[in-house]
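What follows is a short report on a single structure.
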Amino acid sequence: MCYCLANALHLDDEVYIKSYYSLKGGLNGGTIATMMNKFETGEYKMMGNPRLAMDSPNQELAEATDRNFFGFDTTINRWSTPFIMSSINSKVVYRTSDIMLRMKTPYFKKIAYSEHASLGKWYNPIPFLSTLFILILIQSLGPFSWFRKLLLLFAPAPGEGPSENSIENGYFKVQSFANSKSGKKEKLTCSFSGDPSNKATVFFLVNQH
């Protein structure tokens, strides 16, 4: 997504990209175990550093000012919270941007990136409220071992995941909005029919050219 947006905007621009996810899919035990491990080891405290996965200081980063926004988002006219994978995915975007710069095919001179969940329309705040509750619960209680043990009792174990039916009937859609400091704007939409983790991710990995 960022690569396509980089081709559409001037390389010298300072660009803020915001991606909004709407999806349906199952939970993977390995993903949950990894999340709980970050709380157990204290690594979650490092996730606020946007340069965590970058190897050099050459790629300039702008401030992702809306990364913690929750409420009604007028960009998509939907209720929105931070996307649960945003802290991980943003590091991937920044690392890729750094690598592209070293390969002399840079994305942008300066980049900011954040991810958000696209939830219900204005008259239906229930998905927003339930998602917000889950995010606050995990963030607040994740550092406590009793909460992690309790959560893992009900979560699928590593190696376990959604059923075949759930995988086939899942979907995801992501809308990315790029706004440059010079006033240029671009939008890109990507969607896939199938579970985001267990079908879409696999499809994109094996269809790389």
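For the stretch 127-190 and the stretch 50-93, what is the centre-to-centre distance using only Cα atoms, to the nearest Å?
14 Å
Could you provide, to the nearest whole Å², the per residue accessible area of the stretch 48-106 with probe 1.4 Å?
Per residue, the stretch 48-106 has an accessible area of 57 Å².
Among bridges DSSP assigns within the chain, what percent are antiparallel (round to 5)?
In the chain, approximately 70 percent of DSSP beta bridges are antiparallel ones.
May I ask you to give the percent of accessible area on the chain that is carbon plus sulfur, with a probe radius of 1.4 Å?
59 percent
Taking the chain as a Gaussian network, Cα atoms linked when under 10 Å apart, which of ARG67, ARG102, ARG51 shows the biggest mean-square fluctuation?
ARG102
Just one of [x] 1, 7, 13, 16, 19, 18, 14, 8, 3, 1, 0; [y] 1, 8, 16, 19, 20, 15, 9, 6, 3, 2, 1, 0; [z] 1, 5, 8, 8, 7, 4, 3, 2, 3, 3, 3, 3, 3, 3, 4, 5, 5, 6, 6, 5, 5, 4, 3, 2, 1, 1, 0, 0 is P(r) over Cα pairs in 5 Å bins from 0, in percent calculated from these coordinates, so which is it?
[x]
Quick one: which residues, 5+ away or cross-chain, put their amide H under 5 Å from the amide H of ALA117? H built at 1.01 Å from N.
TYR21, THR81, PHE83
Along the Cα-to-C-beta direction of HIS10, a point sits 7 Å from the Cα; which residues of the stretch 151-188 have their amide N less than 11 Å from that point?
181-184
Distance cut-off 26 Å, Cα to Cα: go down the list LYS45/LYS187; LYS45/LYS199; LYS18/LYS149; LYS91/LYS185 and report the pairs above it.
Exceeds cut-off: LYS45/LYS187; LYS45/LYS199; LYS18/LYS149.
Mind checking the full-extension length gain between THR201 and ASN58? Use 0.36 nm per residue of separation minus the Cα-Cα distance, one decimal, nm.
So the extension gain works out to 48.5 nm.
Skip the ligands, DNA and RNA, and give the accessible area per residue of the stretch 139-192 with a 1.4 Å probe, whole Å².
Heavy-atom SASA per residue in the stretch 139-192 reads 68 Å².
Of LYS104, LYS91, LYS173, which has the largest mean-square fluctuation in a 10 Å C-alpha GNM of the chain?
Of the options given, LYS104 has the highest mean-square fluctuation.
Give me the one-decimal nm value for the distance between modelled label points at LEU152 and SER182, 7 Å along each residue's Cα-to-Cβ direction.
With each label point 7 Å from Cα toward Cβ, the separation is 5.1 nm.
The values are calculated or read from the model by the stated rules, or taken from the named source; none is laboratory data. As the structure is a computational prediction, the values presented were derived from the model and not from experiment. All Cβ positions, even for glycine, are placed from backbone atoms using ideal geometry, and neighbour counts span all protein chains on display. Quick note on the areas: whole protein, heavy atoms, side chains included, nothing else; ligands and nucleic acids left out. Shrake-Rupley method; radii C 1.70, N 1.55, O 1.52, S 1.80 Å.
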